[in-house]
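As structure tokens, the structure follows; a few thoughts come after it.
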Ligand SMILES: Nc1ncnc2c1ncn2[C@@H]1O[C@H](COP(=O)(O)OP(=O)(O)O)[C@@H](O)[C@H]1O
Ligand SMILES: [Mg+2]
């Protein structure tokens, strides 16, 4: 379904029951406006990945509707899913190639994505020679080549160490501040959610329902030390408290 103008993604009463009877999410309604960055937190198994799959059209909802803007959403998974035999550059070019874009346009888009993600100098490397953080950059760059107006992030930094995680978070923020795409970012880190997003959705345990929507009262650009601000701390505490309820 096509979203209303100004809306990047809208869930209306979305429920999903899998064929084996597992009810993953129930009655989920929320909206991501154009250019807005929204985070989702919730317990493991709350249906967060299911919601992203529904948003991307990979899964049909069992009830309710989902509407997205006219472009195919960019999808960044926890596993960077790179092709091991292809260079960084060739991995990044994959989606543009599958979409049948002409070679010159493809080159432009790939060069731009490489520069935006700081991968210059690594174009000819193979994925196995890269760190986890660098592989995640390649995955992000590959999604960027399609210039999506909506990005879906499924715990993209779950598998990297804390320092790399912060750096990648900073890079996503910088990209967002520059490109102003809409984003739906699933994370299990409360601090990461508050740091990146202008709104945080808290899901209950399975079946996932929206327990709280918490606004984050900071504009962009956001400095790294924002996380030590008192208002930031108070917002993170509110999200944490809502998350505690999700386990109740
Ligand atoms: N294809 C499927 N068939 C049956 N159950 C599934 C399927 N995909 C996910 N589930 C179940 O649905 C629930 C939600 O899964 P998921 O969306 O992956 O949760 P999360 O990403 O929040 O951890 C889990 O209990 C999971 O085991
Ligand atoms: Mg998941």
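Hull surface divided by four, with the convex hull built on the Cα atoms of the stretch 34-136: how many nm²?
Seen from a random direction, the Cα hull of the stretch 34-136 projects 8.7 nm² on average.
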Centre separation in Å (Cα based) which lies between the stretch 1-74 and the stretch 189-248 | 19
For the chain, what's the relative contact order in percent, using C-alpha pairs closer than 8 Å and at least 6 residues apart?
-> 27
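Quick one: of the DSSP bridges fully inside the chain, what percent are antiparallel, nearest 5? Mind dumping the intermediate values first?
Numbers: 17 of 35 bridges.
In the chain, approximately 50 percent of DSSP beta bridges are antiparallel ones.
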Quick one: Kirkwood hydrodynamic radius for the stretch 1-88, alpha-carbon pairs, angstrom, one decimal?
-> 14.3
How large is Rg over Rh for the stretch 98-186, taking Rg from the Cα atoms and Rh as the Kirkwood inverse mean of 1/r across Cα pairs?
-> 0.95
When all C-alpha to C-alpha distances in the chain are sorted into bins of 5 Å, what percent of pairs does each bin hold, rounded to whole numbers?
-> 1, 6, 14, 17, 19, 17, 13, 8, 4, 1, 0, 0
In nm, spacing of pseudo-spin labels at residue 1 and residue 105 (7 Å Cα→C-beta vector) | 3.1
For 122, 181, ascending order of other Cβ atoms within 10 Å (fewest first) is 122, 181
Footprinting exposure proxy for 126, 9 (fewest neighbouring C-beta atoms within 10 Å first) | 126, 9
On a 0 to 90° scale, report how tilted helix 132-144 is relative to the longest principal axis of the chain, with both axes built from alpha carbons and the result rounded to the nearest 10.
-> 90
Note the full-extension length gain between residue 85 and residue 179 as 0.36 nm times their separation in residues minus their Cα-Cα distance, in nm to one decimal.
-> 30.8 nm
Sorted by Cβ density within 10 Å, fewest first, the residues 120, 112 | 120, 112
Using 0.36 nm per residue, how much length does the chain from residue 112 to residue 71 gain when fully extended, once their Cα-Cα distance is taken away?
-> 12.9 nm
How large is Rg/Rh for the stretch 82-147, to two decimals, with Cα atoms and a Kirkwood Rh?
-> 0.93
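Rule-based calculations on the coordinates, nothing more; no lab input. On a predicted model such as this, the values are computed, not experimentally measured, just so you know. Methodologically, a virtual Cβ is constructed for each residue, glycine included, from the backbone with ideal geometry; neighbour enumeration extends over all protein chains shown.
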